[in-house]
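Trainee: Here's a structure for you.
The values are calculated or read from the model by the stated rules, or taken from the named source; none is laboratory data. Quantities reported herein were computed from a predicted structural model and do not represent experimental measurements. For neighbour counting, all protein chains shown are included, and Cβ atoms are generated from backbone atoms with ideal geometry for every residue, glycine included.
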Amino acid sequence: MAVTLELSNIAKRYSKKVWGVKKMDLQVKNKEFIVLLGPSGCGKTTTMRMVAGLEEVTRGTILLDGKDITDKAPRDRGISMVFQNYAIWPHMTVFDNIAFSLKLQKIPKKEIRLRVEDTAQMVKIQELLERLPGQLSGGQQQRVALARALVVKPKLFLMDEPLSNLDAKLRVIMRTELKAIHLKTGATSIFVTHDQSEAMSMADRIVIMKDGEIVQIGTPDDVYFRSASVFVAGFIGTPPANFFNVHCHIDGKDITLTNENFNLSISRERFENLADYEGKNIILGIRPEDIEIVEESEALFSNEIMVIEPQGSHQVVALNVSDNIVKMIVPAETKLQYNDTLFLNFKMNRLHLFDSDTELRIN
Amino acid sequence: MTMKNPQLLLSMETRRKIMPYLLIAPVIIYYFIFWLFPVINSVIGSFKDIEDQWTLSNYIYIFKDPVFYQSVINTGILVVFSVTVEFLLAFGLALLINIKFKGSSVFLFLAMIPMALPAVAVGAIWTSGFATRGWLNSFLMTFGFIDDAGKFLFLAGGKYASMLLIIIVDAWQVIPFVMIILLAGLQGIGNDMKEAGYIFGGSRFQVLRKIIIPMLKPTITTAMILRIISAIQIWLIIVMIFGFNRIPVLLEQVVLNVDELGSEFFLRIGMALSVIVALIVSLVAILYLKVSGSFEKKDGDSE
């Protein structure tokens, strides 16, 4: 697929020692929905603002459809954007807000009306066109912001945490609608969020950032099942992965991962990369749904239930394993009680192993 | 809650009702004594002659006096030009400082100095500046713009030149005040409002005209109304620089009649003139609010 946006080696420095973005290389393909995900201060919003032209680029180049737009004004870039606080203009009607860019382009009035009405229909605000933003709810204002961005048919559609100001219920509804709109329009999109479940549910590919750098780029399945680092495994998932410090012992064909709670034997064939870790400590990650309740005879270790958190569709059980809180997901039907002793094992094909120094993935 | 004593409940209800009035009573009493009473007094006084008889003669005297018409015209010219100049320059400065360039806070501090000076001091500074051997001419000579023979006779100019000087001095003092109001308004406009303007195709000028100025309108109205009212009341600076009766304006004539001419007759004329000035100020203020659309009921404010 054709590349729409290409960021090469871009960086943003605010002052001598403060970098917003240290180094960023990214290719966004045509019609792709990319989510920039990371904790606050990781540089995701700065990256988007550089693409938008609202922030100067300290170093590197930005290509859009093969053209260098690094130093172009925002309006000459062929992009549009949805802002976190909507940023719809309070003195203009909904219609005028949406039509703003079309009017500046001197498009004939008839065509403007048609395009605005089409777009309003798509985001379900066709009845609100004559209203002023002050009369709208937060969700409706967000739809206006969305319509204003969609109506220009941009080469690239930017969204800066557009759902973070909505209440939880509306956020989930808008998530689905946004994805449906994306599938319908096929607009190449970049979406910034700190909400990992939002990222997982919407993205074609997720770009996970930390401290101004990319930690992993991949599909939702990639980042979930093959997390590139302890940070990613601990950031993605509700609840996120559990971690154990284990000692790695290699004896011929057998590898044993040991700590004070368990001795886990794994076959060497499956974990070729572990060869160099004989006698060293590594980090074992396991996702909450990959811890299974088993018969006593098959148990890797046993533990008492500390807390049960019912979620309706499933329950989250928290255990205290040597002062380390471990969370697991248990089907709703399983009858459990506080203080029950559980016999547990891990799903062997779902282990995540990380180097304890670099915290990067080994297997 | 059980209602054991309905009578007590009723009195609580009454107390709740009179409470707000009790709380604002001190202000109302203050207003009656120090504001309303003198106002009524001078309105009544303006309709009486020195023998304490009801009369319109004070007003008739004023309306027959050519100096009155002169002062109305002068005041009008000063208001129109000084407010326009002050608004444009103050708006430009506010936009500049709002960019937050390096040292903009120092610049803001410097720009505010004239605002801190009382009108008497401003008058003194500029009287010594405009003097033929004053600091303005010295300054120009030091830097070689003029030689000794080319000194400007600032204070000897004709009526319009003199008014120009007054506008310059008034603007010098008042621009910081207008700028602060506009700056406060500008800072209330979220950055993303402007950024959205740039993203959706606006140039700097278009964003200014279609987004910033309309969003700033309530602030502009406030600044303008305050400025227009105080421009109508300009007098002290004129008297400080030119003395009485050289450039007659409305309030200067009031002061002249009440304080300088001193007799009971002129005091009555001064009272009548005050009433006229008060009426003019109110009329202009209402007219401005009407024209600027501030009385229109905005249906966007329903929330």
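Trainee: Six or more apart or on different chains, Cβ atoms under 6 Å: show the pairs whose first residue is in region B:83-108 and closer than 11 Å to residue B:224 by Cα and whose second is in a helix (DSSP H, G or I) and not charged (D, E, K, R).
Mentor: Filtered contacts from region B:83-108: B:83/B:228; B:83/B:231; B:86/B:171; B:86/B:174; B:86/B:175; B:86/B:178.
Trainee: Report whether or not residue A:276 is loosely packed, with under 12 Cβ neighbours inside 10 Å and either under 16 Å from residue A:248 (Cβ atoms) or within 27 Å of the chain's Cα centre (by Cα) (or both).
Mentor: Yes.
Trainee: Quick check on this structure: which one of B:282, B:274, B:263 is under 29 Å from residue B:64 (Cβ atoms), surrounded by fewer than 20 Cβ atoms within 10 Å (Cβ to Cβ), of a type in the set (S, T, N, Q) and at pLDDT 90 or above?
Mentor: From the options B:282, B:274, B:263, the qualifying one is B:282.
Trainee: Can you tell me which residue among A:184, A:169 is more than 17 Å from residue A:75 (Cα to Cα) and without any contact (Cβ under 8 Å) to a residue 12 or more places away in the chain?
Mentor: Sole residue among the options that is more than 17 Å from residue A:75 (Cα to Cα) and without any contact (Cβ under 8 Å) to a residue 12 or more places away in the chain: A:169.
Trainee: Could you look through region A:279-303, keep only residues that are charged (D, E, K, R) and surrounded by 12 or more Cβ atoms within 10 Å (Cβ to Cβ), and pick out the one that is farthest from residue A:255 (Cα to Cα)?
Mentor: Applying the filter and picking the extreme gives A:289.
Trainee: Being part of a helix (DSSP H, G or I) and either modelled with pLDDT under 90 or over 30 Å from residue B:57 (Cβ atoms) (or both): is that true of residue B:228 here?
Mentor: Judged against the criteria, residue B:228 is a match.
Trainee: Next question. For region A:175-191, what are the residues that are under 16 Å from the mean Cα position of the chain (by Cα) and closer than 19 Å to residue A:141 by Cα?
Mentor: The answer is A:175, A:176, A:178, A:179, A:191.
Trainee: Right, something else. Test each condition in (1) more than 30 Å from residue A:96 (Cα to Cα); (2) touching a helix residue (DSSP H, G or I) at 6+ places or on another chain (Cβ under 7 Å); (3) free of Cβ contacts under 8 Å to residues at least 24 places away in the same chain for residue B:206 and report the one that comes out false.
Mentor: With (1) more than 30 Å from residue A:96 (Cα to Cα); (2) touching a helix residue (DSSP H, G or I) at 6+ places or on another chain (Cβ under 7 Å); (3) free of Cβ contacts under 8 Å to residues at least 24 places away in the same chain applied to residue B:206, the lone miss is (1).
Trainee: Then there is this: Among the listed residues B:208, B:182, B:216, B:186, identify the single one that is buried (at least 23 other Cβ atoms within 10 Å of the Cβ), in the same structural domain as residue B:83 (by TED's automatic domain parsing) and not acidic (Asp, Glu).
Mentor: Matching residue, one of B:208, B:182, B:216, B:186: B:182.
Trainee: Turning to a different aspect of this structure: Taking residue A:113, is it charged (D, E, K, R), assigned to a helix (DSSP H, G or I), crowded, with 20+ Cβ neighbours inside 10 Å and at pLDDT 95 or above?
Mentor: No, not satisfied.
The rows are residues; the columns are (1) in a helix (DSSP H, G or I); (2) under 29 Å from residue B:226 (Cα atoms); (3) among the aliphatic types (A, V, I, L, M); (4) under 30 Å from the mean Cα position of the chain (by Cα).
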site	(1), (2), (3), (4)
B:126	yes, yes, no, yes
B:129	yes, yes, no, yes
B:139	yes, no, no, no
B:146	no, no, yes, no
B:161	yes, yes, yes, yes
B:166	yes, yes, yes, yes
B:171	yes, yes, yes, yes
B:179	yes, yes, yes, yes
B:182	yes, yes, yes, yes
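Trainee: Can you tell me which of (1) in contact with a helix residue (DSSP H, G or I) (Cβ under 9 Å, 6 or more places away or on another chain); (2) at pLDDT below 95; (3) farther than 20 Å from residue A:199 by Cα; (4) more than 13 Å from chain B (Cβ to nearest Cβ) is the one residue A:24 doesn't meet?
Mentor: Result: residue A:24 fails condition (3) only.
Trainee: Out of A:211, A:204, report the one residue that is within 19 Å of residue A:79 (Cβ to Cβ) and away from chain B (no Cβ under 14 Å).
Mentor: A:204
Trainee: Then there's this: Restricting the first residue to region A:332-344 and requiring it to be in the same structural domain as residue A:296 (by TED's automatic domain parsing) and on the phi < 0 side of the Ramachandran plot, which pairs with a second residue that is loosely packed, with under 10 Cβ neighbours inside 10 Å and outside any loop (DSSP other than H, G, I, E, B) meet a Cβ separation below 9 Å and a spacing of at least six or different chains?
Mentor: From residues that are in the same structural domain as residue A:296 (by TED's automatic domain parsing) and on the phi < 0 side of the Ramachandran plot, the pairs are A:343/A:296; A:343/A:297.
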